[in-house]
1. Among the candidates A92, A16, A30, A69, single out the residue that is crowded, with 16+ Cβ neighbours inside 10 Å, among the small types (G, A, S) and within 17 Å of the chain's Cα centre (by Cα).
2. Got a number for residues in segment 198-218 being of a type outside the set (D, E, K, R), in a helix (DSSP H, G or I) and over 20 Å from the mean Cα position of the chain (by Cα)?
3. Looking at (1) closer than 20 Å to V35 by Cβ; (2) not in a helix (DSSP H, G or I), which is the one condition that is false for I58?
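Laboratory data are not the source of any read-out in this text; all were calculated from the coordinates shown. Just so you know, these numbers come straight off a predicted model, no measurement behind them. Because the Cβ atoms are built from the backbone with ideal geometry, glycine has one as well, and the counts that use them run over all protein chains shown.
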Amino acid sequence: MDVHETPRQLTIDQLARRTGLSVRTIRFYAGRGLVGPPTLRGRTGLYGDEHVARLELIGEMSALGFTLAAIERHLERVPHGVTPEDLALHRALLTPWVPEYLEDVDRAELDRRAGRPLGDAALADLETLGVLELLDDGRVRLHGALGPGLDMLDSGLPPDLLRASHELIAKHTTALAEDLMALFQRDVLQPYRDAGRPASQRARLAETLERLKPITVQGVVAAFGRAVNRTIRDRVG
């Protein structure tokens with residue numbers, strides 16, 4: 001926002017239209033301390049860009065599957081009054097590195113999509129492979145397309161081998177993700193914090209992060225493919 005521009009002032013009804021939330025939801029978040037109080041003009045509460053940005057961050061986290069308790073824990077570290085630019089950086093940090101397409105279905109719908117009834121053993125194998133997640137209410141949360149998981153079950157390979165391979169991949173990719181995040185924290189985020197979080201760097205940092213995500217994912221896939229090729233050549237040789 002230009003320093004000479006008048007800050008936007010919205011009533012709660014206008015704020016609801018601007019964010020796509022209901023007035024009741026905004027008041028609920030305010031009651032939980034997730035959104036700061038409005039500025040009073042007479043008896044009318046007015047909300048600014050920082051309220052819009054904070055509600056957008058809450059909506060983003062909710063869409064990503066964060067529970068209310070997790071959102072509250074995160075926002076405890078984001079004091080009221082931070083700029084919309086700071087909140088935009090938080091959104092960039094939380095946005096998934098790869099798209100996640102989650103969908104909750106009941107067992108009947110799952111069987112319909114699979115084209116056959118899926119027993120408990122098949123569901124357990126699909127959950128181990130990361131294809132789906134069994135929910136407490138009896139429904140199933142799909143993590144993307146069901147077809148590749150069914151193809152793996154139908155491949156004829158022993159289920160124990162499929163589970164072991166998935167666990168091995170999960171183990172090493174988790175370690176890689178943690179190392180990459182530690183590197184990003186040390187070489188990118190910490191210098192930004194040590195410099196006092198300069199406003200001039202916020203937008204550039206968020207933009208850099210958005211560009212870094214797909215490049216890093218592509219690099220990991222390419223590096224894994226080259227490593228497998230080398231391993232095959234070495235073992236054959």
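1. A92
2. Of the residues in segment 198-218, 3 are of a type outside the set (D, E, K, R), in a helix (DSSP H, G or I) and over 20 Å from the mean Cα position of the chain (by Cα).
3. Result: I58 fails condition (2) only.
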